[in-house]
Amino acid sequence: MSHSIGVIAGDGIGPEVVAEALKVVRAAGVPVETVDYELGAARYLRDGEVLSDETLESLRGHDAILLGAVGGPVGSRDVPRGLIERGLLLRLRFELDLYVNLRPFTAPGLDFVVVRENTEGSYAGEGGFLRKGTPHEIATQGSVNTRRGVERCIRFAFDLAQSRQRRHLTLVHKTNVLTFAGDLWQRAFDAVAADHPDVTTSYSHVDAACIHLVESPDRYDVIVTDNLFGDILTDLAGAVAGGIGLAASANLNPDRTGPSLFEPVHGSAPDIAGTGRANPLAAIRSAALMLDFLGETDAAARITKAVTDAASQSGTTSELGDAVAGRL
């Protein structure tokens, strides 16, 4: 069966790494039909579009979405700060209900997964300015945590932990200081734990978790955490597990009421775009996560192993893609 994939190659190195990811998917023997969507900073600079309602509806019709990277150079005055991130990436997460951000990390001696709540918390957009631009300016940024949103993310994490060999789940938060949001997360975690008696549990403050990820990452099996903490922890975990160039992610709608979105987390890296120096392995691993979610588990496993085998190899972007494809 062929899968319909919406492709947002994006900006900078995005088109280069996406091309290699699709090359590998086809080398694995998975039939896909792709539709390209020109979205990102370059599109905005050309005609002012970030994500129209018509394009969003078109994206809804696919089985999955594969994204490369979006965004212009850091400090560029041509694209307002946060416009692409909120208008495209966050809008897709909210509109498609991609409430789980799944990021697996594997390297010699470690194998853990972070489940990050993806549609609430500090990224929900609650807040604003009072007396902006004056000496008495006030800026507020709220964290939105609903029982439904928190519990469904935690339940996904428990189910995932139950499917893994170690069957262990760690809640990461800051319950000693964030006593409202943290209390909701802890109570929801304890309630769902009662439904999973064969999963062992633990808790870490987020600052302690940062230390543990560096000093003893093997203590973790599955981590569940909120949106902001998950964003920070997963970048640190990427560095610990071999570098951000290997870090893949899945923005999942586990209820499958719309397409899920898969992307590397390394950004658009405009300074190396077109040089052949971009590492495509994170995009390829993201494509493997996509195939696994679409039920192509054998192909996904073969691609993941091929990436592991090729991870120590050097070469250009296309040469690394060829190296992975050749192992399939």
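Quick note: the coordinates plus some simple rules give every number you see, no bench work behind them. All values reported here derive from a predicted model rather than from experimental measurement. Using ideal geometry, Cβ is built from the backbone for each residue, glycine included, and neighbour counts are taken over all protein chains shown.
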Other residues with Cβ under 14 Å from the Cβ of F94 give, with Lys and Arg +1 and Asp and Glu -1, a net charge of -3
Checking rank on 257-264, 50-57, with mean other Cβ inside 10 Å and highest first, the result is 257-264, 50-57
7 Å from Cα along Cα→Cβ at both T275 and Y203: what's the point-to-point distance in nm? 4.7 nm
Read phi for every residue in region 176-191 and hand back ³J(HN,Hα) as whole Hz from Karplus 6.51 cos²θ - 1.76 cosθ + 1.60, θ = phi - 60°, with x for Gly and Pro. 6, 10, 8, 6, 8, 4, x, 5, 4, 4, 5, 5, 5, 4, 5, 5
The chain, Gaussian network, Cα under 10 Å: of G128, G48, G267, the residue fluctuating most is G128
Picking from D292, D271, D97, which is most flexible by a Gaussian network model of the chain using Cα springs under 10 Å? D271
How large is ³J(HN,Hα), in whole Hz, for each residue of region 269-274 in order, when computed from phi with the Karplus curve 6.51 cos²θ - 1.76 cosθ + 1.60 and θ = phi - 60°, using x for Gly and Pro? 6, x, 5, 10, 4, x
Quick check: pseudo-label points 7 Å beyond the Cα along Cα→Cβ at T34 and V144, how many nm apart are they? 3.4 nm
Relative to the compact-globule estimate 2.2 N^0.38 Å (N residues), the Cα gyration radius of region 100-247 stands at a ratio of 1.11
One point scatterer per Cα, no solvent, Debye formula: log10 I(q)/I(0) for the chain at q = 0.11, 0.13 Å⁻¹ comes out as -0.71, -1.00
Difference of contour (0.36 nm per residue) and Cα-Cα distance, A193 to Q313: 39.0 nm
For a quick check, take a GNM of the chain with Cα springs below 10 Å and name the residue from V114, V307, V214 with the largest mean-square fluctuation. V214
At a threshold of 8 angstrom on Cα-Cα distance, excluding pairs fewer than six apart, so keeping six or more, what relative contact order does region 24-93 reach in percent? 35 percent
Paramagnetic reach from E126 (point 7 Å along Cα→Cβ, amide N under 15 Å) across region 181-199: 181-185
